[in-house]
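Visitor: Have a look at this one.
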């Protein structure tokens with residue numbers, strides 16, 4: 001019996017939502033989207049020119065985009081196969097695609113998405129604590145990659161010989177990544193260090209309770225200790241595969257952007273280099289850390305278009321490529337996520353009916 005199997009499911013994700021908070025966040029998110037797509041993007045890109053660029057896109061270019069989307073969708077569930085050994089391909093896809101659909105389709109849907117992931121994994125015969133560990137590991141590694149890509153993007157921009165005015169974003173990502181990794185390593189290194197980090201966190205947070213009352217009662221020692229107990233065995237054995245699969249997801253997502261951009265520009269014509277395109281993609285990932293809209297919708301797009309234009313792409317081509325990338329990254333996943341939820345809910349209902357019977 002593994003360390004995680006011996007533990008009670010104390011950290012089961014909660015699916016409860018504060019309705020008032022959800023409504024407020026939803027209104028803020030919608031307002032932000034309208035502002036970005038109606039006011040901000042037209043100042044850095046061009047929808048009319050984007051439409052013209054899309055109209056000139058050749059059929060082989062469309063086929064290439066479709067192939068890149070299929071590759072991206074195929075690898076999207078792999079992180080859960082890495083985090084939950086024995087989980088089959090389609091089940092891993094169901095878990096990640098359903099969570100994507102809920103998190104990006106509902107205001108403040110992250111909590112519900114976590115709960116659905118937990119429910120799916122447990123009905124797929126993953127032990128409760130192992131399910132919690134898998135969800136946490138995938139989320140953490142996704143954040144690590146998102147923070148690492150801006151650093152790689154700045155390096156790529158420098159390598160492309162472009163004027164680099166985005167170094168501060170790379171440094172911001174590097175600073176946050178170093179801080180997070182240091183805290184993470186300290187927590188994972190030993191039980192005593194985990195408790196020490198928890199006590200330090202409480203000492204920093206509790207005084208803020210004078211302004212934000214809930215912070216005065218935040219308890220970190222116990223949760224960090226349980227977190228370490230749940231995660232230690234999994235990460236010791238699977239960190240390499242987690243890193244590789246999460247990198248693969250991000251790289252194949254970039255592939256959609258690059259194939260779309262070059263298809264719009266024309267493969268037989270000079271266009272944006274793969275290094276410059278990667279720089280735009282990588283640096284823009286820092287906007288995933290801005291929790292205004294789900295999945296960086298709008299915020300990532302605005303920065304990506306700006307950088308693509310700065311490295312030589314026309315406003316129309318940059319805007320069109322971003323819109324194709326965004327649509328291909330969202331629409332197919334939402335559809336697959338809905339299918340995954342429907343098929344899982346039916347099987348889960350049948351399983352629970354058998355158990356009750």
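The values are calculated or read from the model by the stated rules, or taken from the named source; none is laboratory data. As the structure is a prediction and not an experimental result, all values here were calculated from the model. So basically every Cβ, Gly included, is an ideal-geometry build from the backbone, and we count neighbours across all protein chains shown.
Visitor: Among what's in segment 331-346 and is closer than 14 Å to residue 119 by Cα and surrounded by fewer than 13 Cβ atoms within 10 Å (Cβ to Cβ), pick the residue that is modelled with the highest pLDDT. Quick ask: steps written out before the conclusion?
Guide: Taking segment 331-346 as the starting set, the residues that turn out to be closer than 14 Å to residue 119 by Cα are 340-346.
Filter once more, so that each one left must be surrounded by fewer than 13 Cβ atoms within 10 Å (Cβ to Cβ): 342, 346.
Details: 342: 87, 346: 76.
Applying the filter and picking the extreme gives 342.
Visitor: Whether any residue in segment 172-180 is assigned to a helix (DSSP H, G or I), modelled with pLDDT under 80, out of contact with any helix residue (DSSP H, G or I) (no Cβ under 6 Å at 6 or more places or on another chain) and closer than 29 Å to residue 230 by Cα is what I want to check.
Guide: yes
Visitor: For segment 148-180, enumerate the residues that are touching a residue at least 24 places away in the same chain (Cβ under 8 Å) and within 26 Å of residue 216 (Cα to Cα).
Guide: Listed by number, the residues that qualify are 176, 180.
Visitor: Here is a follow-up. It is to be established whether one or more residues within segment 225-242 are under 27 Å from the mean Cα position of the chain (by Cα), buried (at least 17 other Cβ atoms within 10 Å of the Cβ) and not in a helix (DSSP H, G or I).
Guide: no
Visitor: Looking for something buried (at least 20 other Cβ atoms within 10 Å of the Cβ), under 22 Å from the mean Cα position of the chain (by Cα) and closer than 18 Å to residue 232 by Cβ - is there at least one such residue anywhere in segment 160-174?
Guide: no
Yes or no, residue by residue, for (1) more than 21 Å from residue 61 (Cα to Cα); (2) modelled with pLDDT of 90 or more:
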| position | (1), (2) |
| --- | --- |
| 247 | yes, yes |
| 259 | no, yes |
| 297 | yes, no |
| 313 | no, yes |
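Visitor: To continue, here is another question. Looking only at segment 196-224, count how many residues are more than 23 Å from residue 135 (Cβ to Cβ) and in a helix (DSSP H, G or I). Show your work before the answer.
Guide: Going residue by residue through segment 196-224, those that are more than 23 Å from residue 135 (Cβ to Cβ) are 196, 199-200, 202-217.
Now drop any that are not in a helix (DSSP H, G or I), which leaves 196, 199-200, 202-210, 213-217.
Residues meeting the conditions: 17.
Visitor: Taking the conditions exactly as written (under 25 Å from the mean Cα position of the chain (by Cα), closer than 29 Å to residue 292 by Cα and either buried (at least 18 other Cβ atoms within 10 Å of the Cβ) or modelled with pLDDT of 70 or more (or both)), does residue 67 satisfy them or not?
Guide: Values: under 25 Å from the mean Cα position of the chain (by Cα): yes; closer than 29 Å to residue 292 by Cα: no; either buried (at least 18 other Cβ atoms within 10 Å of the Cβ) or modelled with pLDDT of 70 or more (or both): yes.
No: the conditions fail for residue 67.
Visitor: Go through (1) modelled with pLDDT of 85 or more; (2) within 22 Å of residue 297 (Cα to Cα) and name the single condition residue 106 misses.
Guide: Among (1) modelled with pLDDT of 85 or more; (2) within 22 Å of residue 297 (Cα to Cα), residue 106 violates only (1).
Visitor: If you scan segment 191-201, which residues turn out to be loosely packed, with under 15 Cβ neighbours inside 10 Å and modelled with pLDDT under 75? Before you say what the answer is, go through the steps one by one.
Guide: Here is the first cut: in segment 191-201, the residues loosely packed, with under 15 Cβ neighbours inside 10 Å are 191-192, 199-200.
Passing the criteria: none in range.
Visitor: Taking only segment 202-224 into account, find how many residues are surrounded by 13 or more Cβ atoms within 10 Å (Cβ to Cβ) and in contact (Cβ under 8 Å) with a residue 24 or more places away in the chain. Steps first, answer last, please.
Guide: The initial filter retains those residues of segment 202-224 that are surrounded by 13 or more Cβ atoms within 10 Å (Cβ to Cβ), namely 202, 205-206, 208-209, 215-216, 218, 220-221, 223-224.
Keeping just the survivors that are in contact (Cβ under 8 Å) with a residue 24 or more places away in the chain gives 221, 223-224.
Selection size over segment 202-224: 3.
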